[in-house]
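A quick write-up on the structure given underneath.
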Amino acid sequence: MKTIDLRSDTVTRPTPAMRRAMAKAEVGDDFYRDDPTVRALEERAAALLGKPAAMLVLSGTMGNLVSLLASTQKGDAILVAENSHIFVNEAGNLAAVGGLLPAIVSDPNGLSRPDQITAALRAKSVLYAPLSLACIENTHNAAGGRCLGPEETDAICATAHANGLRVHLDGARIFNAAVALGVPASRLAHEVDSVSFCLTKGLGCPVGAMVVGAQAFIDRARHWRQMVGGGMRQAGIFAAAGLIALDTMIERLAEDHANARRLAEILQECGFRLTFDAVATNMVFVEIPQRIIAPGALVQALKAEGVLVNAPRGRRLRFVTHVDVPAAVILEAGRRIARAVEAATPTIRQVG
Ligand SMILES: *Cc1c(COP(=O)(O)O)cnc(C)c1O
């Protein structure tokens with residue numbers, strides 16, 4: 001039985017084209033800026049996001065960290081959503097490494113409206129950590145893979161800039177948003193000051209993320225990347241996969257979104273309730289039906305059927321679609337999920 005891995009789109013493996021490109025990549029020492037493949041990827045990423053410059057980093061987390069460091073001073077406050085990846089899932093690096101105070105926006109949709117910035121502003125005073133940056137996330141993972149549209153993004157940026165704040169976009173899955181909204185990624189990044197995006201999620205690369213912004217910002221970020229140990233040598237080996245990803249793996253994300261909608265229907269037929277109104281991109285969040293008393297038992301039953309999911313949070317379970325789970329496999333996943341639901345549902349025996 002072949003495993004169907006729906007834990008995350010990070011489980012995607014490099015495609016045959018990527019492996020070929022990696023094998024024959026032209027490389028050099030990137031410390032001397034001698035790696036032509038890294039430079040080509042950086043130029044391509046900058047162009048796609050409509051910004052002057054870009055830099056390859058080792059992960060989305062490193063991309064966000066060096067972006068924060070290059071946009072703030074130690075002791076600043078930064079606006080983050082309480083359910084954002086930067087606040088929750090990056091090991092507290094903003095505080096531990098950046099010396100930054102998180103100013104927290106509490107909203108299930110994350111930082112998605114200008115009034116959330118206005119509400120966080122304070123009069124200038126020696127009492128307060130200066131608020132210098134607002135962080136947005138698109139797509140927003142914990143909000144169900146929700147997209148932030150171009151007008152919403154522009155409005156947030158306008159309010160931030162009018163009040164002296166920069167805006168960083170955690171665009172780990174920015175191309176999922178662009179494809180779902182039918183706009184170029186550059187449109188979603190138009191007004192933001194910096195963007196980071198992942199090559200290793202739906203785009204399928206083995207390593208890497210990109211940071212994009214103005215040249216002076218990238219110059220500062222390059223210094224911070226070196227400080228946190230992210231300087232690289234012949235990184236063209238994996239940058240070659242990045243170029244293939246940007247050329248061939250973006251438009252196809254639409255398939256992942258269609259598969260997520262299909263999976264959502266199947267899950268509803270199996271008695272799950274969707275957590276969010278809509279399946280916006282490649283994630284399906286569901287509530288485990290009450291008749292399954294132990295959520296852990298369902299995860300075990302799924303595993304026994306060869307379907308992998310992450311541990312639930314409470315009764316909430318996430319399924320993520322990606323290139324290695326094509327439409328036919330989604331249907332097979334549906335059959336296995338139905339069996340797992342039966343296996344995890346306790347039967348009540350009549351006594352007497
Ligand atoms: C995955 C992810 C990151 C971090 O990327 P890594 O490459 O795993 O470090 C940042 N932000 C969001 C929204 C993510 O989903």
task: Mind giving me the FRET efficiency for ILE293 and SER125? R0 is 56 Å, r the Cβ-Cβ distance, nearest 0.05 is fine.
output: 0.60
query: In terms of modelled amide H atoms, which long-range or inter-chain residues lie less than 5 Å from the amide H of ALA103?
result: ILE78, LEU79, VAL80
field: Per residue Cα convex hull volume in Å³ - calculated over segment 1-149
entry: 174 Å³
field: HN-Hα J in Hz across segment 301-306 - Karplus 6.51, -1.76, 1.60, θ = phi - 60°, x for Gly and Pro
entry: 5, 5, 4, 4, 8, x
Pairwise centroid distance, computed over Cα atoms, of segment 33-60 with segment 134-149, Å: 23 Å
task: Could you give the spread of the C-alpha atoms of the chain along their three principal axes, from largest to smallest, in whole angstroms?
output: 76, 56, 35
- prompt: In whole Å, what is the distance between the alpha-carbon centres of segment 228-278 and segment 296-348?
  reply: 19 Å
message: What's the longest uninterrupted piece of the chain once you rule out the GluC sites (Glu not before Pro) that are loop residues per DSSP with at most 16 other Cβ within 10 Å?
response: 83-250
- prompt: For the peptides 333-340, 195-202, 29-36, what is the packing order when you average, over each peptide's residues, the other Cβ atoms within 10 Å and list the highest mean first?
  reply: 195-202, 333-340, 29-36
- request: Specify which residue in the list GLY63, ALA95, ALA40 is farthest towards the positive end of the charge dipole of segment 37-143, using unit charges on the beta carbon of Lys, Arg (+1) and Asp, Glu (-1), about the Cα centre.
  value: ALA40
- request: Grab the other residues whose beta carbon is less than 11 angstrom from that of CYS147, score K and R as +1, D and E as -1, and report the net.
  value: 0
message: Let's see if you can work this out: charge +1 on each Lys and Arg Cβ, -1 on each Asp and Glu Cβ, no other charges. What is the dipole magnitude of the chain about its Cα centre, in debye to the nearest 20?
response: 840 debye
Charge sum, other residues only, whose C-beta stays under 9 Å from HIS85's C-beta, Lys/Arg counted +1 and Asp/Glu -1: -3
field: Residue-wise HN-Hα coupling along segment 150-159, computed from phi with Karplus coefficients 6.51, -1.76, 1.60 (Hz; x: Gly, Pro)
entry: x, 5, 4, 5, 4, 5, 4, 5, 4, 5
query: In the Gaussian network model of the chain, springs joining C-alpha atoms below 10 Å, which of VAL211, VAL66, VAL299 carries the largest mean-square fluctuation?
result: VAL299
statement: Note: MET1 to LEU331 extended length (0.36 nm per residue) minus current alpha-carbon separation gives 117.3 nm
task: Give me the number: length gained by fully extending LEU101 to VAL228, i.e. 0.36 nm times residue separation minus the C-alpha to C-alpha distance, one decimal in nm.
output: 43.8 nm
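Each reported figure results from applying straightforward, stated rules to the coordinates on display, with no laboratory input. Just so you know, these numbers come straight off a predicted model, no measurement behind them. Neighbour counts are summed over all protein chains in view; Cβ atoms, including those assigned to glycine, are modelled from backbone coordinates with ideal geometry.
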